[in-house]
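To start, the structure itself, in structure tokens.
The values are calculated or read from the model by the stated rules, or taken from the named source; none is laboratory data. None of these values were measured; they are calculated from a predicted model. A quick note on method: Cβ atoms are made from the backbone with ideal geometry, for glycine too, and the neighbour counts reach across all protein chains shown. What goes into the accessible areas is simple: the full protein's heavy atoms, side chains included, and nothing from ligands, DNA or RNA. Shrake-Rupley method; radii C 1.70, N 1.55, O 1.52, S 1.80 Å.
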Amino acid sequence: MARKNLGCTSLLFLVLLGVGSFFATYNLITMIVHNKRMNSGRLSLDPIVEMPDNMKKPGGAKVLFHVALTATDAPYSKWQCRIMYYWYKKHKDMAGSEMGKFTRILHSGQPDNLMDEIPTFVVDPLPSGLDRGYIVLNRPWAFVQWLERATIEEEYILMAEPDHIFVNPLPNLARGEFPAGFPFFYIKPAENEKIIRKYYPQENGPVTNIDPIGNSPVIIRKDLIEKIAPTWMNVSLRMKDDPETDKAFGWVLEMYAYAVASALHGVQHILRKDFMLQPPWDLETGKRFIIHYTYGCDYNMKGELTYGKVGEWRFDKRSHLQGPPPRNISLPPPGVPESVVTLVKMVNEATANIPNWDTS
């Protein structure tokens, strides 16, 4: 496939289109999550799907995984990648960590100014216009190329995203042919069976075979994702080409595509609620491993959440589309949950220690 040179302006335009699509559903999603989780900041640390007894990890054994995330060369993506990589380096060699090497899979088709700072593998974007403004459609295609071309020493891979921060050392949560994934409340294959059956026919089994996940965060054995990735890419493109599916799944279409592709290959995930927390809805960091700051955190000065409304105090990654947030963001007012305070402190520590932060 010919390399496409997407200029910074075009990339920013695509990001803005995608963000606009997401922002349209932001209030609705946050309202739903808020109603589900209000006054319940703690999540069970037990997996929803227990691993088979014979897949327990032998005591003392260390099984490394490669940390991989897809990214663009837009400023919005760059500053998030820099913060993520900072915390990867902080936690990589801590007790309990099984993190191996790190790769930013850059699907801009050309190198950028972070090549010397973050280990990066450049791949091609989809042909111009094929993503139709849904930029994450490049993610499965990026993984297909990386898996085919790169030398990956580790047996396992963590598929991560730029807006992930490692808050605790991350062990390998996968076990053999059972990858580990995070269950998203809004991925509901059974409630969308009519649409799902277009891609997962009746003869493949019940819709409950499809896990309520996306591709990230997922820790998976390399040989399994090598099989799944081309199917994930093809299902994503088919879903985007179908108006009914595109309308129903919207911003999370590519997540459904990964879940369906995994099921088509007979892969079932261990679902770990402790894999990730998402402020402001998860109130405590606890022993969870990744902070995912996809939602805006808006509060009044009394420390009360003003979901769906810009707060007197706020931290929202979408406020920084064209450049990085400033160093030393003010801490939230008293009464704001620990998870949000921890997020801001971790962002501040990273930005204080990353050289030339303002050039992200």
Report, please, the projected area of region 274-360 averaged over directions, based on the convex hull of its C-alpha atoms, in nm².
5.8
Partners for LYS240 among aspartates and glutamates (Cα-Cα distance below 15 Å; same-chain residues under 8 apart left out):
ASP131, GLU254
Setting aside same-chain residues fewer than 8 positions from LYS247, which lysines have a Cα under 19 Å from its Cα?
LYS188, LYS194, LYS198
Rh (Kirkwood; distinct C-alpha pairs) - region 99-222, Å:
16.8
Packing-wise, with mean Cβ within 10 Å as the measure, how do 169-179, 343-353, 311-321 rank, highest first?
169-179, 343-353, 311-321
Relative to the compact globular guide of 2.2 N^0.38 Å, what is the alpha carbon radius of gyration of region 202-274, as a ratio?
1.08
Cβ crowding within 10 Å averaged over residues, with 261-267, 221-227, 151-157 ranked highest first:
261-267, 221-227, 151-157
Out of residues 5 or more away from PHE121 or on other chains, whose amide H comes under 5 Å of its own, with H placed 1.01 Å from N in the peptide plane?
ARG104, ILE105, LEU106
Solvent-free Debye scattering, log10 I(q)/I(0), computed from the Cα coordinates of region 186-338 at q = 0.17, 0.19 Å⁻¹:
-1.03, -1.13
Counting only residues 5 or more apart in sequence or on a different chain, those whose built amide H sits under 5 Å from that of LYS101 are VAL67
Accessible area, probe 1.4 Å, largest first, for residues ASP298, ASP242:
ASP242, ASP298
Cα-centred dipole magnitude for region 236-310, charges only on beta-carbon of K, R (+1) and D, E (-1), debye, nearest 20:
220
Amide H within-cut-off set for ASP316, under 5 Å, with H built and near neighbours excluded
CYS297
In sequence order, calculated HN-Hα J values of region 199-204 (Karplus, 6.51, -1.76, 1.60; Hz; x Gly/Pro)
10, 10, x, 3, 5, 7
Give me the 1.4 Å probe accessible area per residue for region 168-237, excluding ligands and nucleic acids, in Å².
36
